[in-house]
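Step one of this worksheet: look at the structure below.
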Amino acid sequence: MSEFQNITPTLISEYADSHTSDLPTILQELERETCVKCINPRMLSGKLQGQFLNFICRMMKPKNILEIGTFTGYSALSMVYGMPEKSHLYTIEANPEQEEIIRKYIKKSGFSEQITLIIADAKTEISKFENDFFELIFLDADKINYPLYYELLMPKLKKGGMLIADNTLWSGAVVSKTSTDKEVVALQTFNDLVQNDSQTQNLLLPFRDGLMCVMRLS
Ligand SMILES: C[S@@+](CC[C@H](N)C(=O)[O-])C[C@H]1O[C@@H](n2cnc3c(N)ncnc32)[C@H](O)[C@@H]1O
């Protein structure tokens, strides 16, 4: 019997969590409130992914960030805590029921001036931004529209900028060759679009539910 046979993915994830720096306490508060008040709190990025996004912001120093899919604001605030002082984050959320909690935590964070929350359908909002405007885009909304978002978002990304798309492994379902599930098919289409785009360099990171990182080269 192996001494390692009881090691589960959950234990590994908890270990990684306990060896990752904490994000500001307000994010722990937000996570607790999300668990109490929201129907699907699992949608929240959480500490590991939040810290990852924070690292990316510290490294890339983006002036303008766009997020598609705010939920309660966890990933948005994780990024804001890592971005340079004069940068700005735009975040789009379709569900007006989330607005109160998002605004509450934006205010608490002290970053009201650096964050613009747009309560609307991202599919119609994205075209309102200028081309080549963002250095960093975090896509984390309706999976079924990921191929459409790719077409809409890439022109808005600066050369050298990065688009990060969450849930691109969809618990591993994307490896299926026979699935007709609409979300699986959309995510497969998205991943193929990225892989076949000669203007980009990409990395599908098997971290949490899969983060597709796409750098615009030209
Ligand atoms: C996975 S959650 C986002 C989690 C958040 N990024 C975080 O890490 O805490 C997805 C969010 O996308 C929102 N959403 C779905 N379709 C959308 C759309 N067309 N436009 C904007 N937001 C949308 C949902 O209402 C939901 O709150």
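Looking at (1) basic (Lys, Arg); (2) free of Cβ contacts under 8 Å to residues at least 12 places away in the same chain; (3) over 21 Å from Leu205 (Cβ atoms), which is the only condition Arg42 fails?
(3)
Select from the stretch 44-71 the residues that are touching a Lys or Arg at 6+ places or on another chain (Cβ under 9 Å), within 11 Å of the ligand (Cβ to nearest atom) and over 25 Å from Lys159 (Cα atoms) and list them in ascending order.
Result: Ser45, Gly46.
Only one of Ser87, Ser18 is away from the ligand (no atom under 16 Å from the Cβ), without any contact (Cβ under 8 Å) to a residue 60 or more places away in the chain and surrounded by 13 or more Cβ atoms within 10 Å (Cβ to Cβ); which?
Answer to the selection: Ser87.
Which numbered condition in (1) under 20 Å from Leu48 (Cβ atoms); (2) within 9 Å of the ligand (Cβ to nearest atom) is the only one that Tyr81 fails?
For Tyr81, the failing item is (2).
Between Tyr150, Tyr146, which is surrounded by 22 or more Cβ atoms within 10 Å (Cβ to Cβ), of a type in the set (Phe, Trp, Tyr) and either within 26 Å of Lys182 (Cα to Cα) or more than 17 Å from the chain's Cα centre (by Cα) (or both)?
Values: Tyr150 fails: surrounded by 22 or more Cβ atoms within 10 Å (Cβ to Cβ).
Going through Tyr150, Tyr146 in turn, the sole match is Tyr146.
Among the residues of the stretch 90-115, which ones are within 14 Å of the ligand (Cβ to nearest atom) and either within 21 Å of Leu163 (Cα to Cα) or acidic (Asp, Glu) (or both)?
Tyr90, Thr91, Ile92, Glu93, Ala94, Glu97, Glu99, Glu100, Ile115
Filter the stretch 116-128 for residues that are within 11 Å of the ligand (Cβ to nearest atom) and of a type in the set (Gly, Ala, Ser) and give the result.
The answer is Ala120, Ala122.
Looking at Leu11, Leu53, which one is surrounded by 15 or more Cβ atoms within 10 Å (Cβ to Cβ) and either over 21 Å from Val80 (Cβ atoms) or hydrophobic (A, V, I, L, M, F, W, C) (or both)? Spell out the reasoning first.
Numbers: Leu11 fails: surrounded by 15 or more Cβ atoms within 10 Å (Cβ to Cβ).
Result of the check over Leu11, Leu53: Leu53.
Condition test on Glu29, is it in a loop (DSSP other than H, G, I, E, B) and away from the ligand (no atom under 11 Å from the Cβ)?
Working: in a loop (DSSP other than H, G, I, E, B): no; away from the ligand (no atom under 11 Å from the Cβ): yes.
Here the answer is no, as Glu29 does not meet what is asked.
Limited to the stretch 129-165, what total is found for residues that are more than 23 Å from Pro84 (Cα to Cα) and either within 15 Å of the ligand (Cβ to nearest atom) or free of Cβ contacts under 8 Å to residues at least 12 places away in the same chain (or both)?
12
Tell me whether the stretch 208-216 contains one or more residues that are surrounded by 19 or more Cβ atoms within 10 Å (Cβ to Cβ), touching a Leu at 6+ places or on another chain (Cβ under 8 Å), modelled with pLDDT of 95 or more and more than 24 Å from Phe55 (Cβ to Cβ).
Residues of the stretch 208-216 surrounded by 19 or more Cβ atoms within 10 Å (Cβ to Cβ): 210-212, 214, 216.
Now restrict to residues that are touching a Leu at 6+ places or on another chain (Cβ under 8 Å): 210-212, 214, 216.
If we keep only those that are modelled with pLDDT of 95 or more as well, we get 210-212, 214, 216.
Next cut, more than 24 Å from Phe55 (Cβ to Cβ) only: none.
Within the stretch 208-216, none of the residues are surrounded by 19 or more Cβ atoms within 10 Å (Cβ to Cβ), touching a Leu at 6+ places or on another chain (Cβ under 8 Å), modelled with pLDDT of 95 or more and more than 24 Å from Phe55 (Cβ to Cβ).
The values are calculated or read from the model by the stated rules, or taken from the named source; none is laboratory data. A quick note: this is a predicted structure, and the numbers were derived from the prediction, not measured. Neighbour counts run over all protein chains shown; Cβ positions are idealised from the backbone, glycine included.
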